[in-house]
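**Q** This is the structure I have questions about; it appears just below.
Taken together, the values in this text are just the output of simple stated rules run on the coordinates, not laboratory data. These numbers come from a predicted model, not from an experiment. Cβ: placed from backbone, ideal geometry, glycine included. Neighbour counts: every protein chain shown.
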């Protein structure tokens, strides 16, 4: 697409673990035989391209700035070097799960229990030998989901293990047809065209694929015994083997989530300026984690931490439903097995997607526009710093790390990192943050224009604040389907529930509005909030509002927060009606007329 690229590679050569594999699962017709690995040719093509600069044995030691103006410091054999970049793609891949934790499957108890990565290393050399005695095995047993889909190890499926075992079985059969291969699986997953390859492997002589759960692997007299339960071969069987291959899952090469959480917690305790003993303890924790291996990939000079926020299993956090390549750091995209478990073909396609997003970012920044989800927005946040109290809520709550701070805690806004969600505006107790087309005063003015009937009119008034991404379009769809809802409701769209400043709720209730309902995107592990943390933050803030209402002798039920998916348009009229019925039970707002 015409953009020059710098490729930073930690090892001695690019290509990752796949570069060492001789043949790959077929990616073109007829899909029934192994194909030559395309990665070595791709590596050579990259090396010949004058627009691509490849830095090997090099790591990123620091990244500062913002999209369009990243300053990247790299450290390699020739020392440190400063580079400029407009966008960043992190494709640091994944590594095999630590097989030493799989003692129940015989790893460590016998040298003849190896991982799929170990077998690939043998096949790459054109060898097949038992580590214990160097002899060729007569029978190899492949154990699928070794440590995967288990709560004690990796709860998720790593996506490529089944195809890898099928590839290895085919490679063994072609080179050493006399070697028997047995694949023991709980579920063998071969999506898409891989199904053709799966059938081709099944048809090979000396190959058995059997469903069952492996309970353990024992070693005795130079032979291995693989114990299987719930198998199609019987309730419990034991299969003898000369070599056992564990198809271990993949762990992303990303920041260590637990280390980052501990580091942030320690820094917060330092900022709270607790007792000297507590502060020293927190400083010790922070010092011990400051250069943790798990946090030394991007080394971002961001207030919210040195690397991308990660999910429970270490994969970078993003809005993975609508914006799969995005991360919570604008202009930085993830691709391949770092982003999610996937096979090589998926990873290659993923790389195309991330490259396209990086190019789109450069194009948007060239015109001064925001990127996803408010693409094309030219407005920027404006900070009236004369009234700032350095409370740091805006810097802490921004999901995208858009705001840094100086040594006094004064916010330092990075416009190109901003997604224009307005969460900082909702967080600010002093209301000093606004946009030219969206501000606390603008929405407050809308609320003031809402007619509030007198108590004697028996027409309760309800204010509905609906997020513009899911709830408001869903209401629009409901209207197009001629749905009807309670006439007491007055709707104001907001960018995100996280942008709702509690002064709007206070303004509405003080003017006599009987109830306020906020409807936004879903939160949680399968959230759809377009700004990742908006709905979650709204819930936390509204808990404090409801406590305040109780102290003012106003029922906490007068304010309600509801989460809703984009396709749940039938729910909105029902929610309005149910809320109206509850307000009818509570009676009129006692602040009417004041």
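**Q** Sort segment 96-252 into rounded, prolate or oblate with this rule: let a ≥ b ≥ c be the square roots of the eigenvalues of the Cα gyration tensor; rounded if a/c is under 1.5, and if a/c is not under 1.5, prolate when a/b is larger than b/c, oblate otherwise.
**A** Verdict is rounded for segment 96-252.
**Q** Which FRET efficiency value, to the nearest 0.05, do you get for residue 203 and residue 445 by plugging their Cβ-Cβ distance into 1/(1 + (r/R0)^6) with R0 = 51 Å?
**A** Values: r = 73 Å, r/R0 = 1.43.
According to the calculation, E is roughly 0.10.
**Q** Give the label of the value calculated from the structure for volume of the Cα convex hull per residue in Å³, choosing from [x] 213; [y] 143; [z] 198.
**A** [x]
**Q** How do 517, 502 line up, fewest other C-beta atoms within 10 Å first?
**A** On the way: 517 24, 502 17.
Fewest-to-most Cβ neighbours within 10 Å comes out as 502, 517.
**Q** Could you tell me how many degrees, from 0 to 90 and to the nearest 10, lie between the Cα long axis of helix 344-366 and the main elongation axis, the longest principal axis, of the Cα atoms of the chain?
**A** For 344-366 against the chain, the angle is about 40 degrees.
**Q** Okay, moving on. Enter the angle in degrees (range 0 to 90, nearest 10) between the Cα long axis of helix 471-480 and the first principal axis of the Cα atoms of the chain, meaning the one along which they spread out most.
**A** That works out to roughly 80 degrees.
**Q** Can you give me the angle between helix 534-551 and the longest principal axis of the chain, using Cα atoms only, in degrees from 0 to 90, rounded to the nearest 10?
**A** Once rounded, the angle reads 40 degrees.
**Q** Additional query: Could you work out how far the C-alpha centroid of segment 168-226 sits from that of segment 355-426, in angstrom?
**A** For segment 168-226 versus segment 355-426, the Cα centre distance is 52 Å.
**Q** Also, I was wondering about something else. So for 462, 52, fewest C-beta neighbours within 10 Å to most, what's the order?
**A** Ranking 462, 52 by Cβ neighbours within 10 Å, fewest first, gives 52, 462.
**Q** For segment 425-490, restrict the atom set to alpha-carbon positions and state the Rg and Dmax in Å.
**A** 15.2, 42
**Q** Which of rounded, prolate or oblate describes segment 311-436 when judged by the alpha-carbon gyration tensor and an a/c cut-off of 1.5?
**A** Prolate shape, in that a/c is at least 1.5 and a/b is the bigger ratio.
**Q** Using just the alpha carbons, could you tell me how many Å³ per residue the convex hull of segment 446-586 encloses? Working shown, then result.
**A** On the way: hull volume 14.6 nm³, N = 141.
In segment 446-586, the Cα hull volume divided by residue count equals 103 Å³.
**Q** Something else now. Can you tell me the length gained on complete extension of the stretch residue 12 to residue 210, counting 0.36 nm per residue apart and subtracting the Cα distance? Show your work: numbers first, answer last.
**A** On the way: separation 198, 0.36 × 198 = 71.28 nm, distance 4.03 nm.
Going from the current span to full extension adds 67.3 nm.
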